[in-house]
1. Applying the selection to segment 78-93, what residues are more than 16 Å from residue 49 (Cβ to Cβ) and either surrounded by fewer than 20 Cβ atoms within 10 Å (Cβ to Cβ) or of a type in the set (Val, Ile, Thr) (or both)?
2. State yes or no: is residue 369 within 25 Å of residue 420 (Cα to Cα) and of a type in the set (S, T, N, Q)?
3. Taking the conditions exactly as written (hydroxyl-bearing (Ser, Thr, Tyr), within 25 Å of residue 31 (Cβ to Cβ), open to solvent by less than 50 Å² (accessible area, probe 1.4 Å) and without any contact (Cβ under 8 Å) to a residue 60 or more places away in the chain), does residue 239 satisfy them or not?
4. Name the single residue, out of those in segment 347-399 being open to solvent by 20 Å² or more (accessible area, probe 1.4 Å) and in contact with a His (Cβ under 8 Å, 6 or more places away or on another chain), that is nearest to residue 224 (Cα to Cα).
5. Could you say which residue among 161, 143 is loosely packed, with under 15 Cβ neighbours inside 10 Å and of a type in the set (Ser, Thr, Tyr)?
6. When you check residue 67 against the structure, is it open to solvent by less than 30 Å² (accessible area, probe 1.4 Å) and either within 28 Å of residue 240 (Cβ to Cβ) or part of a helix (DSSP H, G or I) (or both), yes or no?
7. Scan the helices (runs of 4 or more DSSP H) fully inside segment 111-225 and keep the ones with 1 or more residues being in contact with a strand residue (DSSP E or B) (Cβ under 9 Å, 6 or more places away or on another chain) and touching a residue at least 40 places away in the same chain (Cβ under 8 Å).
8. Can you pull out the residues in segment 267-318 that are farther than 25 Å from residue 174 by Cα, in contact with a Phe, Trp or Tyr (Cβ under 6 Å, 6 or more places away or on another chain) and of a type in the set (A, V, I, L, M, F, W, C)?
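The values are calculated or read from the model by the stated rules, or taken from the named source; none is laboratory data. For clarity, every value in this text was computed on a predicted model and none was experimentally measured. Positions of Cβ are backbone-derived with ideal geometry, glycine not excepted, and every protein chain shown enters the neighbour counts. Accessible surface is based on the protein model in full, side chains and every heavy atom, while ligands, DNA and RNA are left aside. Shrake-Rupley method; radii C 1.70, N 1.55, O 1.52, S 1.80 Å.
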Amino acid sequence: MAGERQWGVTPAFSNDPPTAADLKLNDTLIAELKAQNNFAPQADTDKREAIIGKLKGLLRQMVQEVGKKKGLPQDILDVAGGEVYPYGSYRLGVYGPDSDVDTLMVAPKHVTRDDFFELMPELLRKSSAPGEITNLVPVPGISTPIIKLTIRGVDIDLIFSSLQLNSLAEKIDLANDSILRGLDEVDRRCVNGTRVTTRIIELVPQTKTFRMALRAIKLWAQRRAIYGNIVGFPGGVAYAILVARVCQLYPKAIAPVLVQKFFFIILRWNWPKPCFLQHKQETSLQLREWDPATYRGDGAHLMPILTPAVPSMNTAHTVTRSTKTVMMREFKRAEAIVDEIVNKGKPWKTLFERHDFFTQKYKHYICVNTAARDQNAHDAWAGLVQSKIKWLMGGIETSDANSVELVQPYTKGFNRVHLCQDENQMEKTLDGSLEYQVKATETSSTDDHADVKAQIAQSDADGVKFMVTDGETAVKKEEWPQKVYTTTYYLGIGLNDGAKALDISAPVRSFSGECTGWPGFDKDMHSIRVKHIRNYDLPADVFVNGETKPTRPKKKLKTATNGDSAANNKRSFSDAGLEVGANRGNSTSAKRRQSGNGVNGTAG
């Protein structure tokens, strides 16, 4: 129709308004999202707004204190201000009851990042009643410096930027590119989250329908275990951009139609052709942006999903051949399910069914077991290891291409606490045994911010400060009993049809070497073990209520031929001793490594 506004870089595929059937589907979708506890109750929203208001007051108090220390005249301090900008899922309006709040604090130029990390933690503590803040962890020494804290049960990620302005008495438009002038790389990175979130909202035709469709897609991606940048899947921003692009192509469509079109379009997208919401913006700012013609690394990206703000970057740069294959299969599966929902009245809950990663998908798994005797040391160590798992995946993919179809990482690690009475129990625990797990502590999954833990580990150790309210001091090596903190990451190995053998010893050794080469690695504190297990040996705590754990298949008698014994015919991965990595100096594992056992075996 003439006069229709074009959203995005191409004309719309359809400007049709919703039908009566679409509206009915929308009602059932909203009802299902509510049944899935996807919306935060009003009391939670009110609490978040009150916390943001408190943070704004503390920021302005800090701005005043710094200004007085630096001798600024009162007339400047009267208008100095300071502002707080939520971003991420909260700003997009797609947060749930357990969602955190990503928050940017912006101050005038007389306040530095050092001032922020020196003063803000103490201001937070002094302004809070006993128990109101349950943890407070300032982490200044990483690429995006952050204060992580929990206020009244709400997780807050607090970052800071000092702008080249004398006054922030009123909110300014951070989407304006001029705001980037004079900022260093860290400050630009800090303001970028808010800038991207704002632009996404501005570039969709209908905010309400975009939010509803994004809620559905995020829930689906999380349930299907294909959500999380650090392990090679798109994160929240990437999924938001993809949904926004579909909204641009169907500007009048309602959420169920957008969900249906999402799977149809993204499944058939001509990757690695990039997905973006607006044409590249011309700017006089000399900033590095995603450009495969200039940067070889950008040209290797498999699924470019570009941010709609200068500097435009790929939000899905961690996607691998395997994770892309997994996603395409999930898109295809979801497309078929939504078609049945639309055409045959199938309930929406079938779209949000939990993944089958542990129950049906694979027969073989690689377990990466990390451990440390101190909670804080373990958090950083486990984050570092998880950040390097993509290198292990890539090595396995290419080590034996005739046998390996793909390697799928599970999106979260499993945290456990153990109590060991002697060295023997310690060794078994480091090797993956749950025999000495503290029963009073349930297994928990890692949070969605493992990237922060990885940055902590990779940063200068002198620049990292841990300030927690409930931390524990590590005991000496020779003292017993000892608590051991472990996190286990699981990789599913998909084998090609007819695959009989697999050698992944080289990538496992390389991966372990990469991890133990970390400057902060301490052989008396940290441990990493890499093991193969079959699906029927997975621990019970990776399954949820209602799931059936795989069982060991019944053995079939084989007749030896050509001089081979039946025993040789039954060799498996585990026969080869897939146990490579650093340990706490235990002689048993040292002998195991020295024995020359590789990872050759029969993928029976």
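1. Within segment 78-93, the first condition is being more than 16 Å from residue 49 (Cβ to Cβ), and the residues that meet it are 78-82.
Hits for segment 78-93 are 78, 79.
2. Working: within 25 Å of residue 420 (Cα to Cα): yes; of a type in the set (S, T, N, Q): yes.
Answer is yes for this residue.
3. Numbers: hydroxyl-bearing (Ser, Thr, Tyr): yes; within 25 Å of residue 31 (Cβ to Cβ): yes; open to solvent by less than 50 Å² (accessible area, probe 1.4 Å): yes; without any contact (Cβ under 8 Å) to a residue 60 or more places away in the chain: yes.
Here the answer is yes, as residue 239 does meet what is asked.
4. The qualifying residue nearest to residue 224 (Cα to Cα) is 361.
5. On the way: 161 fails: loosely packed, with under 15 Cβ neighbours inside 10 Å.
Going through 161, 143 in turn, the sole match is 143.
6. Numbers: open to solvent by less than 30 Å² (accessible area, probe 1.4 Å): yes; either within 28 Å of residue 240 (Cβ to Cβ) or part of a helix (DSSP H, G or I) (or both): yes.
Taking the combined requirement at face value, the residue satisfies it.
7. By residue number, 113-126, 185-202.
8. 267, 303
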